[in-house]
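Have a look at the structure below, then the notes.
Read-outs: derived from the displayed coordinates by stated rules, not from any lab. The structure displayed is predicted, hence computed values, not measured ones. Reconstructed Cβ throughout: ideal geometry from the backbone, glycine too, with neighbour counts over all protein chains shown.
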Amino acid sequence: MADNGNGKRAGGWPLLRQIRERDLGGLGETAYSPRTQALHARTRDADRVVRSVCPYCAVGCGQLVYVKNEKIIDIEGDPDSPISEGCLCPKGQATFQLVTGSQRVQQVLYRKPYAKEWETIPLERAMEMIAERVKRAREETWQEEDETGRKVRRTLGVAHLGGATLDNEENYLIKKLFSTLGIVQVENQARI
């Protein structure tokens, strides 16, 4: 049925169309309007689709990341994933907001000891501060030997607890880095 020019479909009232076309539930074409006929999935406009893994936990659910003009426009579950078969938990479904959310902090915030306010600092300065503190804590707490004289070459002055947004590759690199520094207290809470 064609649009009669005023936004209504020719053929009368929707109820009459439903009865005439035997669509009593209003679930077929009788429920269509010009607006609904023009609707389409935003994923159809994507330039490309990239397969990925949800970053939130150790399950490793597959995701399809839809990209247009080098910007993410949607993230959905990957039906070809043998792990999740297209399903995502609420956190996985919200992954799109992880990269596009307006509430996402995009600069480094630092609060000095005893200060009440946060200040914005450059990323380079924050990285230098972290490196200096790790180095100082390692040097001050270094153990060449334990109480029995056994070589341990470690520090118990630094520990790491990873978050659920770290993927396996990031955890692997963190573990390698910290083991090299003699840090033995390395853990990740990304478990189900």
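By how many nm would the segment from Ser179 to Thr43 grow when fully extended, if each residue of separation counts as 0.36 nm and the alpha-carbon distance is taken off?
44.7 nm
Can you tell me how much longer the chain between Lys112 and Leu16 gets when fully stretched, taken as 0.36 nm per residue apart minus their C-alpha distance, in nm with one decimal?
My answer for the length gained is 27.5 nm.
Quick check on the chain: helices-only [θ] at 222 nm, where DSSP H runs of length 4 and up contribute -39,500 (n - 2.57) each and the sum goes over total residues. Nearest 500, please.
-8000 deg cm²/dmol
Using 7 Å Cα-to-Cβ label points, what is the Tyr172/Ser33 separation (nm, one decimal)?
So the label points at Tyr172 and Ser33 sit 5.3 nm apart.
Which of the aspartates and glutamates could a cross-linker span from Lys135 if the Cα-Cα distance has to be under 18 Å and same-chain partners fewer than 8 positions apart are dropped?
Of all the aspartates and glutamates, those that pass the test against Lys135 - Cα under 18 Å, at least 8 places apart if same chain - are Glu124, Glu144.
Which value in nm describes the separation of the simple spin-label points at Glu147 and Glu70, placed 7 Å from the Cα toward the beta carbon?
Going by the 7 Å Cα→Cβ label model, 5.9 nm.
With θ set to phi - 60°, apply the Karplus curve 6.51 cos²θ - 1.76 cosθ + 1.60 along the stretch 122-136 and write out the HN-Hα couplings as whole Hz, x wherever there is a Gly or Pro.
These are the phi-based 3J(HN,Hα) values: x, 4, 4, 5, 4, 5, 5, 5, 5, 4, 5, 6, 5, 4, 5 Hz.
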